[in-house]
Amino acid sequence: MLISKKYTKEELLEILKNHYEKNGKAIQSYFCNKNGLPHYQTYIKEFGSWNNAKRLIGIKEENLLTRYRFSKDEAINKFKALVLELGYVPNLVDLDKMKGLPSRPFIDRVFNNYNNFVEMCGFKLNTGYGGKYKDEFLIDEIKRFVEEFNKIPTPVDFDNLEGYPSRKTFTNHFGNFNNIIRVAGFEPSYMSYEENIEKYTKDFLISELHRFVDEFGNIPTIENIKDNDEYPSVYWFEKEFSNWCESLKSAGLPLNISQHSDEFLEQEFHRFFKNNGRIPRYEEFNRSEYPSFWCYQNRFGSWNKAVVAYGYEPNDANRKFILEDGEICASSYEFDTSNWLKSKNVNYDRNIKYQSFIDNYKGKMDCDYVIDHNNEIWYVEVAGFLSEGNKLSEVEKIYYFKLKYKEKLLERQGVNYLIIHVRHLKNKTFEEIFHFIK
């Protein structure tokens with residue numbers, strides 16, 4: 001993170017006054033970090049404008065207004081004459097050093113920005129009379145952006161950003177945008193196309209889809225990827241796999257769309273009940289003769305809502321368990337675990353965000369239990385949804401991916417943790433499972 005020196009208003013005015021008395025002038029653009037002075041934007045922020053600051057140190061009003069005494073036509077004519085004399089279009093830094101010409105604030109106020117002003121005078125930057133930005137100036141503009149906005153810029157930051165060169169200007173001078181970021185002494189905050197094309201292989205993109213499932217617990221949609229700038233853009237998936245559906249198929253993930261009619265979905269649900277004498281668990285509607293669970297999930301919002309819509313009561317595997325104090329458990333295994341912990345007067349919290357205790361994690365996963373006992377913190381996951389069979393359903397595979405990712409995060413963080421599987425609950429007592437609780 002960039003840390004800028006803080007000045008009081010009195011210090012700012014004293015520095016400006018000393019500079020003015022020593023040099024006989026106070027040029028706005030000269031006030032920047034590389035010259036060992038507070039940035040002029042600091043003065044504008046503190047005093048409302050550069051001229052307001054100069055007024056406060058006693059500069060006479062007529063001296064303040066000298067560079068503003070232009071009509072629009074006069075400013076254009078003066079600039080045309082200057083370009084014809086120089087043989088090139090000056091940049092803003094050069095312009096600020098020339099006397100008797102429109103100032104940068106005047107140009108921004110009357111012409112919106114310098115590019116517009118140059119074009120209205122009949123010239124173009126980087127063309128016409130051959131006027132070009134100097135590399136040093138462009139590097140300083142990157143540094144100015146970082147100081148002003150406290151972040152490393154990306155190319156889109158310079159789209160229609162008044163008072164700065166365009167992104168095309170930077171890339172024309174330095175080959176690609178990341179080159180100038182590095183030359184300016186910063187680490188790029190995004191990958192250029194050339195860097196992306198080497199990294200974004202099919203295997204990498206598939207791993208990113210699995211990472212999304214691990215972090216958020218659901219199959220990503222195009223909108224999910226577009227809204228999350230921590231993942232490759234949809235462009236890369238469509239480039240490598242031709243379309244989004246093929247991306248999901250290649251990753252072994254079910255499509256999150258359904259082409260089945262409402263009548264067919266209901267018919268298949270009743271058929272399962274007739275053949276088995278019970279309602280299905282939602283993991284049974286994946287990679288089977290029945291429509292995917294996701295078809296019902298997308299149509300009704302949740303599996304249980306589909307169950308109720310068809311006239312049934314949700315079964316134990318899908319319903320919530322509520323303790324007397326209002327605590328909600330997602331399974332009978334959590335219900336038994338919470339009751340035992342309460343019987344031992346163990347302090348714990350439920351469903352704590354991994355973001356709150358895992359460094360550099362920005363996903364949405366929760367930890368089932370956070371136990372505070374004998375001055376130790378333990379993070380506990382109850383894997384009650386995961387069956388003990390050899391063959392996992394598609395939904396269980398997603399749950400398993402998520403559980404393994406949680407374990408990886410906990411191990412990386414170096415905290416005390418416990419993963420409780422169904423087999424543990426069936427073969428051990430709670431005293432044996434919670435060995436750290438005495």
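Step by step: first the residues of the range 324-350, then only those that are of a type in the set (S, T, N, Q) and surrounded by 13 or more Cβ atoms within 10 Å (Cβ to Cβ), then the one that is farthest from H421 (Cα to Cα). Which residue is that? My answer is N339. Somewhere in the range 389-407, is a residue closer than 19 Å to F436 by Cβ, over 23 Å from the mean Cα position of the chain (by Cα), at pLDDT 90 or above and assigned to a loop (DSSP other than H, G, I, E, B)? So far as the range 389-407 goes, no, none of its residues is closer than 19 Å to F436 by Cβ, over 23 Å from the mean Cα position of the chain (by Cα), at pLDDT 90 or above and assigned to a loop (DSSP other than H, G, I, E, B). If you go through the range 291-303 one residue at a time, do you hit one that is more than 32 Å from the chain's Cα centre (by Cα) and either at pLDDT 75 or above or in the same structural domain as V370 (by TED's automatic domain parsing) (or both)? Yes, the range 291-303 contains a residue that is more than 32 Å from the chain's Cα centre (by Cα) and either at pLDDT 75 or above or in the same structural domain as V370 (by TED's automatic domain parsing) (or both). Looking at the range 171-181, can you tell me whether even one residue there is in contact with a Phe, Trp or Tyr (Cβ under 9 Å, 6 or more places away or on another chain), loosely packed, with under 14 Cβ neighbours inside 10 Å and modelled with pLDDT of 75 or more? Looking for residues that are in contact with a Phe, Trp or Tyr (Cβ under 9 Å, 6 or more places away or on another chain), loosely packed, with under 14 Cβ neighbours inside 10 Å and modelled with pLDDT of 75 or more, one finds none in the range 171-181, hence no. Scanning the range 409-435 for residues that are surrounded by fewer than 12 Cβ atoms within 10 Å (Cβ to Cβ) and at pLDDT 90 or above gives E411, G414, T429, E431, E432, H435. Inclusion of G48 among residues that are at pLDDT below 80, at positive phi and outside the structural domain of L13 (by TED's automatic domain parsing) is not warranted. Considered as a group, the residues in the range 254-281 that are at pLDDT below 80 and of a type in the set (A, V, I, L, M) include one that is nearest to K402 (Cα to Cα), and that residue is L255. Condition check for L161 on (1) modelled with pLDDT under 80; (2) more than 21 Å from K45 (Cα to Cα); (3) of a type in the set (A, V, I, L, M, F, W, C): one failure, at (2). Has the range 367-384 got at least one residue that is within 15 Å of V422 (Cβ to Cβ), surrounded by 15 or more Cβ atoms within 10 Å (Cβ to Cβ) and modelled with pLDDT under 90? Within the range 367-384, one or more residues are within 15 Å of V422 (Cβ to Cβ), surrounded by 15 or more Cβ atoms within 10 Å (Cβ to Cβ) and modelled with pLDDT under 90.
Listed here are the residues, each with its yes/no results for (1) within 29 Å of R167 (Cα to Cα); (2) modelled with pLDDT of 80 or more; (3) among the basic types (K, R).
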position	(1), (2), (3)
I76	yes, yes, no
K80	yes, no, yes
D94	yes, no, no
R104	yes, no, yes
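The values are calculated or read from the model by the stated rules, or taken from the named source; none is laboratory data. In this text, all values refer to a predicted model and were calculated from it rather than measured experimentally. Backbone-built Cβ (ideal geometry, glycine too); neighbour counts: all protein chains shown.
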